[in-house]
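Heads up: the structure comes next, in structure tokens.
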């Protein structure tokens with residue numbers, strides 16, 4: 001497996017995002033309607049990753065900063081294609097997203113997921129995510145689950 005930084009509109013990212021949106025249709029009856037601008041996932045205010053298995057796009061995820069918070073970034077579009085589940089890709093992508101957000105100076109990663117995604121909730125809670133104040137497009141949605149995790153922000157070395 002290898003993880004590469006990609007633009008949100010890179011063909012491999014677009015294909016994976018289409019797959020995750022279809023997963024939402026199956027589980028919730030509609031796509032994720034959260035407004036997303038591909039530019040939000042460009043450094044330094046965001047990042048998008050694609051994980052490959054034998055050169056095939058297998059998983060993705062990204063983070064983006066919010067105008068209303070200097071220290072938080074939001075996790076979006078975490079997804080692993082069914083054929084690649086159970087191989088640790090989600091955990092590897094999540095760890096890299098956490099590492100890169102911390103290296104960019106952000107203190108906390110927050111996310112929205114849904115009650116019909118128990119495997120996502122299990123991943124996040126096992127990685128140290130805990131409930132946070134509801135936010136974003138689905139702040140009032142009863143099936144939305146809002147989680148966050150403090151990051152160990154990388155500090156420059158002192159001589």
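The values are calculated or read from the model by the stated rules, or taken from the named source; none is laboratory data. These numbers come from a predicted model, not from an experiment. Virtual Cβ from ideal backbone geometry, glycine too; neighbours counted across all protein chains shown.
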Discussion item. Please verify whether residue 51 is surrounded by 14 or more Cβ atoms within 10 Å (Cβ to Cβ) and not in a strand (DSSP E or B), treating the condition exactly as stated.
Written reply: no
Response to the item:
Within the range 108-131, residues farther than 18 Å from residue 31 by Cα and surrounded by 16 or more Cβ atoms within 10 Å (Cβ to Cβ) come out as 108, 109, 110, 121, 123, 124, 129
Item to complete: Could you list all residues from the range 112-128 that are under 23 Å from residue 142 (Cα atoms), in contact with a strand residue (DSSP E or B) (Cβ under 9 Å, 6 or more places away or on another chain) and outside any strand (DSSP E or B)?
Response: 115, 117, 120, 121, 123, 124, 125, 128
Item to complete: Only residues that are in a loop (DSSP other than H, G, I, E, B) and loosely packed, with under 11 Cβ neighbours inside 10 Å: list them for the range 1-32, please.
Response: 29, 30
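A quick yes/no check of all residues on (1) more than 19 Å from residue 15 (Cβ to Cβ); (2) assigned to a loop (DSSP other than H, G, I, E, B); (3) modelled with pLDDT of 95 or more:
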{"position": "35", "(1), (2), (3)": "yes, yes, no"}
{"position": "44", "(1), (2), (3)": "yes, yes, no"}
{"position": "47", "(1), (2), (3)": "no, no, yes"}
{"position": "73", "(1), (2), (3)": "yes, no, yes"}
{"position": "87", "(1), (2), (3)": "no, yes, yes"}
{"position": "90", "(1), (2), (3)": "no, no, yes"}
{"position": "96", "(1), (2), (3)": "yes, no, yes"}
{"position": "106", "(1), (2), (3)": "yes, yes, no"}
{"position": "110", "(1), (2), (3)": "yes, no, yes"}
Discussion item. Looking only at the range 83-99, count every residue that is farther than 13 Å from residue 119 by Cβ and within 12 Å of the chain's Cα centre (by Cα) and tell me the total.
Written reply: 6
Worksheet, complete the sentence: Scanning the range 24-56 residue by residue, those without any contact (Cβ under 8 Å) to a residue 40 or more places away in the chain, within 20 Å of residue 98 (Cα to Cα) and touching a helix residue (DSSP H, G or I) at 6+ places or on another chain (Cβ under 7 Å) turn out to be 46
Worksheet item: Yes or no: residue 61 in a loop (DSSP other than H, G, I, E, B) and closer than 24 Å to residue 2 by Cβ?
Response: no
Fill in: In the range 80-125, the residues that are closer than 17 Å to residue 144 by Cα and in contact with a helix residue (DSSP H, G or I) (Cβ under 9 Å, 6 or more places away or on another chain)
109, 111, 113, 114, 115, 116, 117, 119, 120, 123, 124
Discussion item. Suppose we keep only residues that are without any contact (Cβ under 8 Å) to a residue 12 or more places away in the chain and over 14 Å from residue 44 (Cα atoms) within the range 57-84. Which one would you say is surrounded by the most Cβ atoms within 10 Å (Cβ to Cβ)?
Written reply: 69
